[in-house]
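Just so you know, all these numbers are worked out from the coordinates, no wet-lab data involved. Everything quoted here is computed from the prediction, not taken from an experiment. Counting neighbours? That spans all protein chains shown, and the Cβs are built from the backbone with ideal geometry, glycine included.
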Amino acid sequence: MSIEELADIAQAMVAPGKGIIAIDESTATIAKRFASVGVENTEENRRAYREMLLTTPNLSDYISGAILYDETIRQSTRDGVPFTKIMMDAGILPGIKVDTGAKPLAGCPGELVTEGLDGLRERLAEYVKLGAKFAKWRAVITIGEDIPTGTCIDSNAHALARYAALCQEAGIVPMVEPEVLMDGDHDIDTCYDVTEAVLRSLFAALYEHNVMLEGCILKASMVISGKDCPEQADAEEVAAQTVHCLKATVPATLPGIVFLSGGQSDEQATRHLNEMNQLEGNPWPLSFSYGRAMQAAALKIWAKDPVNNVAEAQKTVYARARENGLAALGEWQG
Ligand code: 13P
């Protein structure tokens, strides 16, 4: 695939007023989400839940793509239509999570490195056949006493760059996600410094590995106060610091940046995105790739009655997509 074709996909992912819904929870992660609402974690329940999400009427009004998990990209609706066909027919790009999770980084206590490079070329070739247009790899950076170390930051950046280069070779747009966790009592300035170091390392590694930024999307965490920090920065400050940090580190040739919600409330996630889009002169579209902040409300409704509450849950999915779509334009009214 040519770089122009990759660039077209990347631009479609961040089309004005549209964002991504992340439904790529691993079986272990969806188990936690289901447990919180009393749903048994069976393959059929996961399938039915994701069918509810993906068949939300008119979802593509505000959603350009959805990130799937390995199991999900192989699944179909109750009526036997592959999810990827449902998505392509609706104008929603299929994405796929290709990392195999963050594991303890040897020699660096308390830190993680994301695995999944072994065999990735072959797995990507299969995902292309299954219809994937973009992929996601999530690196996890923890803030704590004396961490993150440069070793952790650079190891994760290196893995992200190798993954991104393999994606482009396969004709898939890489979504590179270095998540700086909100966990901890650190202040927003600490989050800024760590995020800046992480993004600098990432873009240096992408350059070293000949990744074409025109065919790549950044999935970023916001610059925000740690969850347990006694002083919580307000939305205006989160927006200002996040955009400043991104402007200082992310080349303008990147087609777009989407954010993860990372444990923010639905309202915070939308408000922060909206606030950023009200700032003038951002060099890239800023949109969303939310998991929890797109799904939490709908999951609760669906879980109460997975057979009869589908339409009501879908209304909530659509409403969250609309709110975040408006926030991607800076037009959310609260
Ligand atoms: P959250 O929005 O729930 O953080 O999930 C986004 C995601 O895909 C993290 O990798």
Using mean Cβ contacts within 10 Å as the protection proxy, how do 280-287, 102-109 order, highest first? 280-287, 102-109
Counting DSSP beta bridges with both partners in the stretch 49-201, what percentage is antiparallel, nearest 5? 25 percent
Using the Cα centre of the chain as origin and beta-carbon charges of +1 (Lys, Arg) and -1 (Asp, Glu), tell me which of Leu329, Ile67, Ser287 is placed farthest towards the positive end of the dipole. Ile67
Lys and Arg at +1, Asp and Glu at -1: add these up for the other residues within a Cβ distance under 14 Å of Ala161 and post the number. -3
Overall dimensions of the stretch 1-50 as given by Cα atoms, namely Rg and Dmax in Å: 16.4, 47
When the helix-only estimate is applied to the chain (DSSP H runs of n ≥ 4, each -39,500 (n - 2.57), divided by the residue count), what is the mean residue ellipticity at 222 nm, nearest 500 deg cm²/dmol? -14500 deg cm²/dmol
Among the DSSP beta bridges whose two residues both lie in the stretch 134-204, what percent are antiparallel, rounded to the nearest 5? 10 percent
The answer for the net charge of residues other than Asn282 whose Cβ lies under 14 angstrom from its Cβ, with Lys and Arg +1 and Asp and Glu -1, is -1
Let's see if you can work this out: charge +1 on each Lys and Arg Cβ, -1 on each Asp and Glu Cβ, no other charges. What is the dipole magnitude of the stretch 152-195 about its Cα centre, in debye to the nearest 20? 400 debye
When the Kirkwood hydrodynamic radius is evaluated over all pairs of different C-alpha atoms of the stretch 1-140, what value in angstrom, to one decimal, is obtained? 16.3 Å
Just to check, using Stokes-Einstein with a Kirkwood Rh over alpha carbon pairs, what's the diffusion coefficient of the stretch 208-334 at 4 °C and 1.567 mPa s in µm²/s? 82 µm²/s
Kirkwood-Stokes translational diffusion coefficient of the stretch 68-113, alpha-carbon pairs, 25 °C, 0.890 mPa s, µm²/s: 190 µm²/s
Toy charge model, Lys and Arg Cβ at +1, Asp and Glu Cβ at -1: the stretch 83-201 dipole around Cα centroid in debye, rounded to 20, equals 940 debye
Regarding the chain, what is the average projected area of its C-alpha convex hull, in nm²? 15.7 nm²
Taking the Cα centre as origin and putting +1 on Lys and Arg beta-carbons and -1 on Asp and Glu beta-carbons, what dipole magnitude results for the stretch 221-317, to the nearest 20 debye? 400 debye
Quick one: order Val198, Val250 by neighbouring beta-carbon count within 10 Å, fewest to most. Val250, Val198
Computed ³J(HN,Hα) along the stretch 199-206: with the Karplus parameters 6.51/-1.76/1.60, θ = phi - 60°, integer Hz and x for glycine or proline, the list is 5, 4, 5, 4, 6, 5, 5, 4
A correct Kirkwood calculation over the Cα atoms of the stretch 126-247 returns a hydrodynamic radius in Å of 15.1 Å
How much net charge surrounds Thr84 when only other residues with a Cβ under 11 Å from its Cβ are counted (Lys, Arg +1; Asp, Glu -1)? +3
Could you give the Stokes-Einstein D for the stretch 270-334 in µm² per second, using the C-alpha Kirkwood radius, 20 °C, 1.002 mPa s? 169 µm²/s
I need the P(r) histogram for the stretch 144-215: all alpha carbon pairs, bin width 5 Å from 0 out to the longest distance, whole percents. 3, 16, 26, 20, 15, 10, 7, 2, 0
Find, among the GluC sites (Glu not before Pro) in the stretch 50-133, those assigned to loop by DSSP (not H, G, I, E, B) with at most 14 other beta-carbon atoms within 10 angstrom. Glu115
So what's the stretch 92-187 giving for Cα Rg divided by 2.2 N^0.38 Å, two decimals? 1.16
